[in-house]
């Protein structure tokens with residue numbers, strides 16, 4: 001047996017030549033496609049991917065199916081499943097999580113302190129303990145703060161404008177959400193006092209309690225109902241619209257999806273704009289920015305939507321001034 005001793009230059013030349021013959025996968029392993037996790041409180045069929053997020057991602061060159069994909073989980077109208085669904089996304093090691101309600105953000109925050117989370121919520125994220133400050137969120141969370149909760153009085157006023165003959169309106173909230181109820185009810189009461197109207201507070205924490213809330217409202221003489229911004233009501237959208245129709249009780253909603261599903265009227269933040277901003281933030285994170293350094297943005301754009309078909313079915317004539325302010329009308 002003979003031995004061959006190679007100098008440093010010969011060794012490097014030999015290795016370099018061998019590397020040229022290695023398979024491409026051995027030389028440069030392609031990075032896995034980023035995965036954006038989210039939870040639909042209804043079903044994936046209804047929310048295939050959060051509206052607007054893809055548009056915001058496109059602003060940074062991300063195209064679904066090409067260089068990122070969504071990974072959705074569905075609560076199927078069972079809010080109690082939401083925490084476990086976020087834990088599933090964390091276990092799958094998704095790249096970024098998006099949270100569309102305070103309930104979702106609370107669940108996502110409890111599930112991970114490392115995976116970036118981008119939120120959109122209608123309550124103060126600093127006061128609620130989600131971020132350290134608007135300018136320097138800190139940790140793994142940033143996102144968009146919207147006006148949803150702070151529109152409670154405007155919703156009450158608009159419903160009165162739509163049903164001027166009514167002297168009492170019901171306000172539906174979740175008694176289990178003490179913080180949110182404490183923010184909404186004073187606004188509604190102040191609006192009612194300024195208009196010389198009465199408020200009937202009705203409550204529901206589960207799907208089975210919704211019908212009782214409508215019965216209480218009708219028996220109490222309410223001429224309409226304003227639906228609170230509690231997270232569980234998003235999950236019960238189909239049932240809420242059906243109950244309003246069955247009891248012929250005009251209802252004001254906090255999300256356009258209710259009106260698209262047959263509800264009467266909604267006044268809300270501009271959700272497409274908000275989710276676009278969320279997508280923009282996700283794109284920045286996928287490009288290397290840290291959530292801790294991306295300031296929380298406040299969105300002030302709003303959207304009024306009216307369903308004239310539902311109004312006609314309830315015998316309601318929409319006042320011209322209110323109709324003129326609508327951003328979208330379903331005829």
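The values are calculated or read from the model by the stated rules, or taken from the named source; none is laboratory data. Nothing here was measured: the structure is a model prediction, and the numbers come from that model. Virtual Cβ from ideal backbone geometry, glycine too; neighbours counted across all protein chains shown.
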Hey, can you tell me all the residues within segment 320-331 that are loosely packed, with under 13 Cβ neighbours inside 10 Å and touching a helix residue (DSSP H, G or I) at 6+ places or on another chain (Cβ under 7 Å)?
331
Could you pull out the residue among 17, 42, 52, 61 that is modelled with pLDDT under 95 and at positive phi?
52
Please find, within segment 110-124, the residue that is surrounded by the fewest Cβ atoms within 10 Å (Cβ to Cβ) out of those that are in a loop (DSSP other than H, G, I, E, B) and at pLDDT below 95.
124
Check 263, 283 and return the single one that is more than 30 Å from residue 128 (Cα to Cα) and in contact with a helix residue (DSSP H, G or I) (Cβ under 8 Å, 6 or more places away or on another chain).
263
Filter segment 258-270 down to residues that are in contact with a strand residue (DSSP E or B) (Cβ under 8 Å, 6 or more places away or on another chain) and either free of Cβ contacts under 8 Å to residues at least 12 places away in the same chain or surrounded by fewer than 22 Cβ atoms within 10 Å (Cβ to Cβ) (or both), then give me how many there are.
3
As an exercise: evaluate residue 297 against (1) in contact with a strand residue (DSSP E or B) (Cβ under 6 Å, 6 or more places away or on another chain); (2) modelled with pLDDT under 95 and give the number of the one condition it does not meet.
(2)
Please count how many residues of segment 146-164 are outside any helix (DSSP H, G or I), more than 21 Å from the chain's Cα centre (by Cα) and more than 12 Å from residue 195 (Cα to Cα).
1
Taking segment 76-109 and keeping residues surrounded by fewer than 20 Cβ atoms within 10 Å (Cβ to Cβ), part of a loop (DSSP other than H, G, I, E, B) and touching a strand residue (DSSP E or B) at 6+ places or on another chain (Cβ under 9 Å) leaves 76, 92, 93, 95
Go through segment 183-225 and count every residue that is farther than 24 Å from residue 77 by Cβ and in a loop (DSSP other than H, G, I, E, B).
7
